[in-house]
Amino acid sequence: MADHDLTQRTQLSDLVRSRRAELRLSLRSLSAACVDPENPENGSIIGYNYIDRLEKNADVKAPKIPELRALANGLGVPLAAIQDAAGAQFMGITPQYITSGEARALVTYAEGMTDAERRQLLAIVEAYNRSRTQ
């Protein structure tokens, strides 16, 4: 995937901006609520400046797992939603869900794969499916 494709992705920025507006939280209030539930003794781990820059689609570092948990906690959304949005924005990963909703797989954009790579991936999926039915 080309670098310019990633710079146009704003999934996490959009999610944070819209949810903060929905909750009517200031940047400082959201920052204070962004506590990693696995390590609450650390207090807030995301500064309001980071949230502001993220919402404005400014250049920010990709959040790490504790920061993703803290964002999910502060925004009151499932961690999976934050992870999906961060993966899409910072890594170019698009979540693909099966219609039953029971499983999901992260798949990079098809245009980022060569024809040979797509054929290899298809062969792996077909081999797996055959092994399940034998």
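One table, with the values for the structure above:
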quantity	calculated
Test result for R118, closer than 30 Å to A21 by Cβ, modelled with pLDDT under 80, surrounded by 10 or more Cβ atoms within 10 Å (Cβ to Cβ) and basic (K, R)	no
Residue within the stretch 51-59 that is touching a Cys at 6+ places or on another chain (Cβ under 9 Å) and modelled with pLDDT of 95 or more present	yes
Any hit, the stretch 126-134, residues being assigned by TED's automatic domain parsing to the domain that holds C34, hydrophobic (A, V, I, L, M, F, W, C) and either modelled with pLDDT of 80 or more or within 18 Å of R19 (Cα to Cα) (or both)	no
Residue identified as part of a loop (DSSP other than H, G, I, E, B) and surrounded by fewer than 20 Cβ atoms within 10 Å (Cβ to Cβ) among D52, D59	D59
Any hit, the stretch 94-115, residues being modelled with pLDDT of 80 or more and basic (K, R)	no
Residue, surrounded by the fewest Cβ atoms within 10 Å (Cβ to Cβ), within the stretch 64-90, restricted to residues that are touching a residue at least 40 places away in the same chain (Cβ under 8 Å) and outside any helix (DSSP H, G or I)	G76
Residue check, R9 outside the structural domain of E117 (by TED's automatic domain parsing), more than 30 Å from T114 (Cβ to Cβ) and basic (K, R)	no
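The values are calculated or read from the model by the stated rules, or taken from the named source; none is laboratory data. What you see is a predicted model; the values in this text were computed from it and never measured. Every residue, glycine among them, receives a Cβ derived from its backbone with ideal geometry; neighbour counts consider all protein chains shown.
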